[in-house]
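Report on the structure given below.
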Amino acid sequence: MNEQHFTLKDALEIIDGDLSEIDGNENEIENEDPDDTNWLIGDHHVTDSDSDDDVPLIELSNKRKKITDDYDSDDDIPLQQLLNNKLTLPNNYKWCKQMFTPPSDTKFHGNTTLPPLPTSSDGEITPYSLFKMFITDDMLATVAKETNKYSVEKDGKSTNTTPQELEQVLGIYFFMGLAQMPNARCYWEQEVVYSSISSVMARDRFLKLLSRLHFDDNNNATDKMKEDKLWKIRSWFEAMRKNCMTIPPGECQSVDEIIIPFKGRSHLRVYMPNKPHKWGFKLWGRSGSDGYIYDFDLYQAAFKDDKSELGLAAGVVEKLTNTLPSDRHFKVFADNYFSSIPLVEKLKKRKIWYIGTVRMNRVKNCKLSDDKELKKNKRGHYEYMVEEKTNTVCLRWVDNRPVSLISSYVCADPVGQARRWNRKEKKYETVDKPAIVEEYNKFMGGIDLLNMCTSMYKYNLRSARWYLYLFWYSVTIALVNAWFVYRRYHGEIGTEKRKIMRLRKFQALCAQSLTSAGKEKKKRGRPSEEDWLLHQSPPVKRPKSSKLVAPDVRSDEYNHFPTWDKSRQRCKLCPAAKPFFSYVKCQKCQVHLCLNKDRNCFYAFHQ
């Protein structure tokens, strides 16, 4: 029996976080004795060697961060998990320079026709009816029920909110996104009052509901539920995710990450120094090329042990594509964080084709030119190699810098043209552009489009409870998804592009319907005589807040004229202990002031 000796380099390749060559199947290595278990990681057995590089695996696991240059913490699998799973040695992929043979059948066989869309009472498809596809009455009823329970726990009495009132809260939130102000209280202040919001709900009522929003019963939460760090909002997320998947997916799907900005305290908060928002929640999403998001999940890998055998990053693509039907020839696109050869191979078994940028340390034995050699060539130069076993192509293309891509169904042909600016010659030039690059650039930007649309008219309501940030972001996704469905519907019926509603107007109409449709607005201020006679109860007198006048306005000595007002009100300048009432009102300042033989508050006020 031949003994197989492990050096430091061999052992690192087994347990390295880069899982591009690790295969989860326990297949025996060719030309090896099946009784020889020296190579099995799960047996805790490594043969002795005369080399000074032989080190125990446990010690290697502690040193690999310092030794390996290709270490990627995001794709790392704990050593104990490797020992328990008894993963075999990685497959040796063979790369060679030959013509790529595309699959014989990659034609899409899915149905992308929209289902019957909900309509309003008059039979029209409106922004409100599309929004209710994703935020349903049942979801709001559950939130109203849990909010009332939570308010009893906190205050000893219920807020007595209803789904209709929660719809008004959502409408107010959308109005806030269209008219940004420093904080939520500003929309009710007299100097900058926003009637579309202040006429719907009182300020204190709105703030009270924000502080008592709740989605699940704390008393019924078990220890098993709390293993999921998202349990406080999991029911809302799952209902929202289920509603998003009611729309049939398109042929091309892209997988990428979504960052929800957040700097507060939470176990799920992550730090990403290379992102515009360095602190926040990371959300995985799968969307179409039109930006519509079909499936999503929150990143919480540090608290979960159900990692895929493909690794963390590739496992995300595997999980999000599990909701796609097999044998329909979907095309999936992702960036180099997710791409690996085992992922391409696993998706191909379900007839799902893949294109993505890739890190070269994940395609071992692929001897393409490195960056220094590629930069010696002109822009537009490319070279590729094909893996014999999986028929996967790896291509490197020289643009402003070398770009590496892998694909399971398309290669360089047909080669297109790209227009690039030449700095040395100060003019544009035409360079070769492989088909794989054209395909990737065309269909990869779905999540980026979604991120742009969700950030355009989104208001940041601050809260000490971290899961409310996820709630408001899910509401924004619901609105943007409704707009994408609206655009897709009008594209199918052939509506002119200039007649399709913009997102700003779509959000305004949806907010107006949420605050008014089927709701009775409460009248603000003092009840009228008719209301008093109708209810047979005296009106409640409330002290009227004094109107503030900026010092620059009251002392500018311009257009301050006294006018006679029908109602007599308290003088603005007289002390509160000895108030005097006056019919005289300043036309510009809109305040009542004394102007008679005994007092001239009008003159004193404007000095």
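The values are calculated or read from the model by the stated rules, or taken from the named source; none is laboratory data. Keep in mind it's a predicted model, so treat the numbers as computed, not measured. Every residue, glycine as well, gets a Cβ built from its backbone with ideal geometry; the counts of neighbours run over all protein chains shown. Remember, those area values only see protein heavy atoms, side chains included, never the ligands or the DNA or RNA. Shrake-Rupley method; radii C 1.70, N 1.55, O 1.52, S 1.80 Å.
Worth pointing out:
- Any hit, segment 375-386, residues being under 24 Å from Ser326 (Cα atoms), assigned to a strand (DSSP E or B) and either touching a residue at least 40 places away in the same chain (Cβ under 8 Å) or open to solvent by 60 Å² or more (accessible area, probe 1.4 Å) (or both): no
- Selected residue (criterion: farthest from Ser455 (Cα to Cα)) from residues of segment 178-211 that are part of a loop (DSSP other than H, G, I, E, B) and among the hydroxyl-bearing types (Ser, Thr, Tyr): Ser199
- When residues of segment 333-374 are limited to those that are of a type outside the set (Phe, Trp, Tyr) and touching a Cys at 6+ places or on another chain (Cβ under 8 Å), the one most open to solvent (accessible area, probe 1.4 Å): Met360
- Some residue of segment 257-271 being charged (D, E, K, R), without any contact (Cβ under 8 Å) to a residue 12 or more places away in the chain, surrounded by fewer than 18 Cβ atoms within 10 Å (Cβ to Cβ) and closer than 23 Å to Leu468 by Cα: no
- Selection count, segment 584-605, where residues are open to solvent by 70 Å² or more (accessible area, probe 1.4 Å) and more than 57 Å from the chain's Cα centre (by Cα): 6
- Whichever residue in segment 108-132 is of a type in the set (S, T, N, Q) and open to solvent by 40 Å² or more (accessible area, probe 1.4 Å) and, among such residues, is farthest from the chain's Cα centre (by Cα): Ser121
- Every residue from segment 304-324 that is in contact with a Pro (Cβ under 9 Å, 6 or more places away or on another chain) and not in a loop (DSSP other than H, G, I, E, B): Ala314
- Filter pass, Thr101 being modelled with pLDDT under 70, β-branched (Val, Ile, Thr) and either open to solvent by 50 Å² or more (accessible area, probe 1.4 Å) or in a loop (DSSP other than H, G, I, E, B) (or both): no
- Among the residues of segment 172-202, those that are of a type outside the set (A, V, I, L, M, F, W, C) and either open to solvent by less than 20 Å² (accessible area, probe 1.4 Å) or touching a helix residue (DSSP H, G or I) at 6+ places or on another chain (Cβ under 6 Å) (or both) comprise Tyr173, Gly177, Tyr187, Tyr194, Ser196, Ser198.
Residues checked against (1) part of a loop (DSSP other than H, G, I, E, B); (2) without any contact (Cβ under 8 Å) to a residue 40 or more places away in the chain; (3) exposed (fewer than 15 other Cβ atoms within 10 Å of the Cβ); (4) more than 27 Å from the chain's Cα centre (by Cα):
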position: Val393; (1), (2), (3), (4): no, no, no, yes
position: Arg396; (1), (2), (3), (4): no, yes, no, yes
position: Glu425; (1), (2), (3), (4): yes, yes, yes, yes
position: Glu438; (1), (2), (3), (4): no, yes, no, no
position: Asn441; (1), (2), (3), (4): no, yes, yes, no
position: Ile477; (1), (2), (3), (4): no, no, no, no
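- Filter result for the condition that a residue is of a type in the set (Asp, Glu) and not in a loop (DSSP other than H, G, I, E, B), over Asp295, Asp327: Asp295
- Scan segment 574-601 for residues that are touching a residue at least 40 places away in the same chain (Cβ under 8 Å) and either touching a Cys at 6+ places or on another chain (Cβ under 7 Å) or more than 12 Å from His560 (Cβ to Cβ) (or both) and the total you get is 0.
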